[in-house]
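The values are calculated or read from the model by the stated rules, or taken from the named source; none is laboratory data. What you see is a predicted model, and the numbers here were worked out from it, not measured in a lab. Note that each Cβ is placed from the backbone with ideal geometry, even for glycine, and that neighbours are counted across all protein chains shown.
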Amino acid sequence: MQKITKDQLVEKTVALLSDGTVSAVLGWSRGEFDYDITPAVFKTAEDLKENFVWNDFCGANFSKYLVAQTGKVEGKILVFLKPCDTYSFNQLLTEHRFDREKVYAVGIPCEGMADIAKVKEIVGDGIVSIEADGENLKVSTLYEDAPALVNAKDVMAERCVNCKSKKHVAYDELMGDDGEVIESNRFDEVARLEAMTPDERFAFWQNELSRCIRCNACRDACPACTCEKCVFDNPASSVENKAPANSFEEKMFHIIRAFHVAGRCTDCGECSRVCPQNIPLHLLNRKFIKDINEFYGEYQAGAEVGSRAPLVDYTTEDLEPGEVFDRGDKDA
Amino acid sequence: MQVKEYKPLIVAFCCNWCSYAGADLAGNNRLSYPADVKIIRVPCSCRVNPMFILRAFQRGADGVIICGCHPGDCHYTSGNYYTRRRMAALFSMLDFLGIEKERTRVEWVSAAEGAKFAATMNEFAETVASLGENKRLEDLRCKR
């Protein structure tokens, strides 16, 4: 259930398009289904009125799209940013990935997005339409005559249950009210895994990562993964564009993917959202964030433009890699 | 039937300026360390990409050790400080995935510490041998 309505967003964008402030709009459009929302670039008011969508499945983080789109558009491009997207937006600005002058950022409040996998767990397959209905989602399926009512809170995506901030850290214009940074329990699951024995952890990750089909969606959606040439696209690497041949390749991909964004990951949760196999990829990223916070002091990537990421920084007093395990050894 | 005796294979990434010279000194002083330690010379310990470590395990290493100059003594001023942060994060992640933490290590060995180099390698080889074969990051296609 979102506080802001689609009509408000369309009205705002049409106004900005017609007075020439922006020449294109980065927004959401309907894909195959109501819950299958696709990012789209709108250039006319008619197109917007017809195809623009705003519902509980508009989870896509648009920050990364700016890298490609700002170069393609004459004039400014309007982008909608939910609070968590603004952190990625700042992080990309820090890394000089797009021109801030070419972007008109509109901050919009977010009440948490729904996870279609959770909806399907409750109502089953064959969903034909989903509509917002107050606190609930009205889900119609092929097999039931009456639509099922599902509370939006019950099907909220994991990343939104543990939302870290409702505060926008970057915008040109804000619609609705700004929120606060939240003391979330986002590291609880990581701590639970850390408390396990190495054998249990190994079994857990073996089980999770063995589902990976190497579709690269986690990498492609990640706002921190913006290298033009990715190590995993290297034809000499033997792991380019193919499903993992064995458990080593699964682990290698996921360790390296998480490592490459360590210190720069804003914990937006896009990796887990786009994973077709529902692998909890954000746990790997959060493990790095948790460690970095513990080793080098609290750091939130993207909280401000120009901050130095912990892994490209150092102090002479840092802890030794061997000491990492001496902090209350759980495995001993 | 002949049972192949298990010998651990250890890959040591040694920085050109300190640890590689330290290994050299160990040799000059006739200090012995296991022949299972294969040294790979790198310009600086921070040249070691996490992928190198995983690749070493894939190709059959049972332990990987990274040796560099003591913090503050880096030939390139700050390389080993970056190594220290990166490897702390990486080792913690490997442990998070359930991979034995004793298989990876970072040690600072200067060019004058031939004895430390030999002692470190002896001790590390022993630790890795007691863990046995690397099963959790192995790639069966690369087995000899």
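Side notes on the structure shown:
- The residue that is nearest to A:GLU240 (Cα to Cα), counting only those in the stretch A:209-229 that are surrounded by 19 or more Cβ atoms within 10 Å (Cβ to Cβ) and within 14 Å of chain B (Cβ to nearest Cβ), is A:CYS212.
- Some residue of the stretch B:73-81 being facing chain A (nearest Cβ under 8 Å) and in contact (Cβ under 8 Å) with a residue 40 or more places away in the chain: no
- B:LEU31 vs. criteria farther than 29 Å from A:ASP313 by Cβ, within 14 Å of another protein chain (Cβ to nearest Cβ) and of a type in the set (A, V, I, L, M): no
- A:LEU174 being in contact with a His (Cβ under 8 Å, 6 or more places away or on another chain) and aliphatic (A, V, I, L, M): yes
- Test result for A:ASP56, touching a Ser or Thr at 6+ places or on another chain (Cβ under 8 Å), of a type outside the set (Gly, Ala, Ser) and in the same structural domain as A:ARG30 (by TED's automatic domain parsing): no
- Taking the numbered list (1) at the interface with chain A (Cβ under 7 Å from one of its Cβ atoms); (2) touching a Cys at 6+ places or on another chain (Cβ under 9 Å); (3) in contact (Cβ under 8 Å) with a residue 12 or more places away in the chain in turn, B:MET87 passes all entries but (2).
- Subset of the stretch A:139-177 that is loosely packed, with under 14 Cβ neighbours inside 10 Å and among the acidic types (Asp, Glu) - its residue that is farthest from A:ILE127 (Cα to Cα): A:GLU173
- None of B:LEU90, B:LEU25 is touching a Pro at 6+ places or on another chain (Cβ under 7 Å) and modelled with pLDDT of 95 or more except B:LEU90.
- In the condition set (1) of a type in the set (Lys, Arg); (2) buried (at least 20 other Cβ atoms within 10 Å of the Cβ); (3) within 27 Å of A:SER63 (Cβ to Cβ), A:ARG308 is compliant with all but (2).
For (1) in contact (Cβ under 8 Å) with a residue 12 or more places away in the chain; (2) among the β-branched types (Val, Ile, Thr), each residue gets a yes or a no:
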site	(1), (2)
B:MET51	no, no
B:GLY68	yes, no
B:THR104	yes, yes
B:GLU107	yes, no
B:GLU123	no, no
B:THR127	yes, yes
B:LYS135	no, no
B:GLU138	yes, no
B:CYS142	yes, no
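- In the stretch A:250-305, residue nearest to the chain's Cα centre (by Cα) [restricted to those that are away from chain B (no Cβ under 11 Å) and acidic (Asp, Glu)]: A:GLU270
- Members of the stretch A:269-296 that are more than 22 Å from A:ARG211 (Cβ to Cβ) and of a type in the set (A, V, I, L, M, F, W, C): A:ILE289, A:ILE292, A:PHE295
- Among the residues of the stretch A:42-100, the ones that are within 12 Å of the chain's Cα centre (by Cα) and hydroxyl-bearing (Ser, Thr, Tyr) come to 4 in all.
- Search result, residues across the stretch A:1-40 that are of a type in the set (Val, Ile, Thr), crowded, with 16+ Cβ neighbours inside 10 Å and over 27 Å from A:LYS138 (Cβ atoms): A:VAL14, A:VAL22, A:VAL25
- The stretch A:175-196, residues that are within 14 Å of chain B (Cβ to nearest Cβ) and not in a loop (DSSP other than H, G, I, E, B): A:GLU189, A:VAL190, A:ALA191, A:ARG192, A:LEU193, A:GLU194
- Looking across A:ASP220, A:ASP199, one residue alone is touching a helix residue (DSSP H, G or I) at 6+ places or on another chain (Cβ under 9 Å), without any contact (Cβ under 8 Å) to a residue 60 or more places away in the chain and outside any loop (DSSP other than H, G, I, E, B). It is A:ASP220.
- No other residue among A:PHE80, A:PHE98, A:PHE33, A:PHE57 is aromatic (Phe, Trp, Tyr) and assigned to a strand (DSSP E or B) apart from A:PHE80.
- When restricted to residues that are under 18 Å from A:ARG186 (Cα atoms) and touching an Asp or Glu at 6+ places or on another chain (Cβ under 6 Å), the stretch A:235-280 contains 1.
- Being in a strand (DSSP E or B), in contact with an Asp or Glu (Cβ under 7 Å, 6 or more places away or on another chain) and either at pLDDT below 90 or not aromatic (Phe, Trp, Tyr) (or both) is true of A:ALA105.
- Taken together, A:GLU135, A:GLU183, A:GLU131 contain a single residue that is surrounded by fewer than 19 Cβ atoms within 10 Å (Cβ to Cβ), touching a Lys or Arg at 6+ places or on another chain (Cβ under 6 Å) and not assigned by TED's automatic domain parsing to the domain that holds A:LYS12, which is A:GLU131.
- Taking the criterion of being closer than 23 Å to A:SER247 by Cα and at the interface with chain A (Cβ under 8 Å from one of its Cβ atoms), the residues of the stretch B:106-138 that qualify are B:ARG136, B:LEU137, B:GLU138.
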